Amino acid sequence: MYFFQSSPVSYKRFIKRFPTENSLIKLYAKTCVDFDIESKPKKRRCPHCGSCQNGPFRKNNEKLRLCKRCGRTFSIFRNSIFDKSKADFRIWMYIGYCMFYYHHVYFNVDKISRTQIIRETHAPSNATIYHIYDVLYKLFKSQNKVDMLLIFNIFLPFMKIFHNMNPYRKKEH
């Protein structure tokens, strides 16, 4: 049995673990998969031809994928909540991680506020934080089965990473 900290990992520690946006995108690309209508996970599909045979377009850019069947490129964020967002992906993931933490430890997403996040991240724009917070808040408050699977699919790997980083973690025999 593991015991959680009273609060999630700080943004400084989050940034230390993921120093670049690309390092976080690489983990996202590795762990997140598409869902079909029946909510079964499947490999990431090309939105143009539907093929599952694709790989990174460039080594230094994990965001773009190249379909081996039709030869077209597409973003791994296409048709997701991150689609067309210009905000730093690390801020998206940090806010989502905090909400996931409070949702599963305290069963309450309302434990974290926008002002806490703004203070913690030193974000360049409050409007960006407000937008990200609102999108993720609606997703966490949704009772839709597909939305709940999406939340687990995106944020559970980060919870596992930071739970292992937790200095207050104790094992109960």
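Summary of values
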{"read-out": "Segment 74-164, relative contact order in percent, only Cα pairs under 8 angstrom and at least six apart counted", "value": "30"}
{"read-out": "Extension reserve of the Asn108-Cys52 stretch, reckoned as 0.36 nm per residue once the Cα distance is removed", "value": "16.5 nm"}
{"read-out": "Net charge, Met99 excluded, C-beta distance under 12 Å - Lys, Arg +1, Asp, Glu -1", "value": "+2"}
{"read-out": "Ranked packing of 151-157, 95-101, 59-65, most packed first, by mean Cβ within 10 Å", "value": "95-101, 151-157, 59-65"}
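Since every read-out is calculated from the coordinates, none of them should be taken as a lab result. Model, not experiment: these values are computed from the prediction. FYI the Cβ positions are ideal-geometry reconstructions off the backbone, even for glycines, and counts take in every protein chain you see.
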